[in-house]
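One structure is given below, encoded as structure tokens.
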Amino acid sequence: MFNSYNQNPYFNPYFTPQQPQTTMPTMKFNSLQGKSIDNLEVVKAMDIPLDGSISYFPLVDGSAIVTKQLQQDGTSKITIYKPIEADEAATVKYATIEDIENHIKSIKMPDMKPLQDEIKTLKKQIRILLDKED
């Protein structure tokens, strides 16, 4: 007769540890879905994956890249990306040392004399209070 009253329920004397099997992870290579097109109207008729991934359609003349993606509501979203020419892009202006110095000089500083007088008055009052405590 087997008595399991004082036995550890997680202890199994017949258990033999096994080596974990190492498996090579499967590599999934991401590739862009889509193809080159002649005009934007072709994209509207193109089939796209139903999993919501984006399909890319570059125009043959290089003037734009069009993406098409299935939305959750069942409609497809078409986005057009066009390159910006260098002369159309906003130019960045960097501040020079002279610009910064001129700006600092143009800032009107308040007259410091009233503040200095107030500080002197406060110092005198603190001295008087400290002398009274002694």
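Some points to look at:
- Annotation: amide H-H contacts under 5 Å for ALA64 (H modelled 1.01 Å from N, sequence separation of 5 or more, or interchain): LEU59.
- Karplus-derived 3J(HN,Hα), 6.51/-1.76/1.60, for each residue of region 99-112, Hz, glycine and proline x: 4, 5, 4, 5, 5, 5, 5, 6, 6, 7, 8, x, 5, 8
- Region 49-59 - phi-based ³J(HN,Hα) in whole Hz, Karplus 6.51/-1.76/1.60, Gly and Pro as x: x, 8, 8, x, 6, 8, 9, 10, 10, x, 6
- Estimated FRET transfer efficiency when R0 is 30 angstrom, pair SER36-THR75 (beta carbons, to 0.05): 0.75
- Using C-alpha pairs under 8 Å with a sequence gap of at least 6, the mean separation divided by the residue count of region 33-83 gives a relative contact order of 31 percent.
Since every read-out is calculated from the coordinates, none of them should be taken as a lab result. What you see is a predicted model, and the numbers here were worked out from it, not measured in a lab. Here Cβ is always computed from backbone atoms with ideal geometry, including for glycine, and neighbour counts include all displayed protein chains.
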